[in-house]
Every structure is written in C-alpha cells, then in structure tokens.
1. Under 29 Å Cα to Cα from K75, which lysines show up? Leave out anything in the same chain fewer than 8 places away.
2. Rank A97, A49, A60 by mean-square fluctuation in a GNM of the chain with C-alpha springs under 10 angstrom and give only the top-ranked residue.
3. Please go through segment 8-115 and write out the trypsin sites (Lys or Arg not before Pro) that DSSP classes as loop and that have at most 16 other C-beta atoms within 10 Å.
4. Residue by residue through segment 95-112, which ³J(HN,Hα) values in whole Hz follow from phi under the Karplus form 6.51 cos²θ - 1.76 cosθ + 1.60 (θ = phi - 60°), with glycine and proline marked x?
5. Which whole-Hz couplings ³J(HN,Hα) result when phi for each residue of segment 56-72 is put into the Karplus expression 6.51 cos²θ - 1.76 cosθ + 1.60, θ = phi - 60°, listed in order with x for Gly and Pro?
6. What does the extension gain come out to for V5 and S84, with contour length at 0.36 nm per residue minus their alpha carbon separation?
7. Step through the residues of segment 3-13 one at a time and calculate ³J(HN,Hα) from phi using the Karplus curve (6.51 cos²θ - 1.76 cosθ + 1.60, θ = phi - 60°), rounding each to whole Hz and writing x for Gly and Pro.
8. By how many nm would the segment from W105 to N58 lengthen if fully extended, with 0.36 nm per residue of separation less the alpha-carbon distance?
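Here, each number is a calculation from the coordinates, and none is a lab measurement. Note that this is a predicted model, so its numbers are computed, not measured. Cβ atoms come from the backbone with ideal geometry, glycine included; neighbour counts cover every protein chain shown.
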Amino acid sequence: QVQLVESGGGWVQAGGSLRLSCVASGIRFSITAMGWYRQAPGKQREMVATITSGGSTNYADSVKGRFTISRDNAKNTVYLQMNSLKPEDTAVYYCNAKNYPRTYWGQGTRVTVSS
C-alpha cells in the first residue's frame, strides 16, 4: 500500500519561510518522480515543483527563485523549501508520486501566508 505523508504546513507571515516534507512508503522511492502541487480555494490544483529520480527539477514560474524541491532517497522523503512566501502562496499543498503508469497523492498540508 502506497502512502505519502506530508508535514510542515502552517501559518506564516509574508516574507517568511516554511519547509514541507513528504515521506513515502510502499514504493521504490529512488526510481519514482516526485512533486509538489497546490490548490488554493476556488482554484484548480496546479504544479508547484517536480523532481525526477535523477534529480532534475522543474518549477512553476510563480515560485522560481523562491522555492526549492529536493529529495533524500535514503529517507524516502521529498522536501519543498519555501522562502519569501507571499499571500498568494496560501493553499493546500499535496505531495505527488509518479511511478508509471500510476500516480499517487498525499492527503495535503495547509499553508497560510498572511499579509
């Protein structure tokens, strides 16, 4: 059974930082592409950042230069370091694992950025 468990969300003032973590189990983590997505109230879920099994990263334009995705294969964990947070970053953040042909989602962790 695949499980993705996110943590690290919370409330922060604009300009602050948070680090999200996602621990995966039930998958061969080292060969799995991982990602972070977010969904703000009334909006569709959108990609924030992804990282391949080889460590290549991709970011949404809105977070480039502020967010960093990384992975620790020894800990089956993917991270999202979020700096210079803005109110528009407020959303539920979801961990994603892609192991073709399957895709898995975590339960989400809420991030609230106040102005």
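1. Straight-line reach from K75, under 29 Å: K64, K98.
2. A60
3. R28, K43, R45, K64, R66
4. Taking θ as phi minus 60°, the curve returns 7, 9, 10, 10, 10, 2, x, 9, 10, 10, 10, x, 7, x, 9, 8, 10, 10 Hz for segment 95-112.
5. Taking θ as phi minus 60°, the curve returns 6, 10, 9, 10, 5, 4, 5, 10, 4, x, 10, 10, 9, 9, 8, 9, 10 Hz for segment 56-72.
6. Fully extending the segment from V5 to S84 adds 26.0 nm.
7. Working through the residues one at a time gives 10, 10, 10, 8, 7, x, x, x, 9, 8, 7 Hz.
8. Between W105 and N58, full extension yields an extra 15.1 nm.
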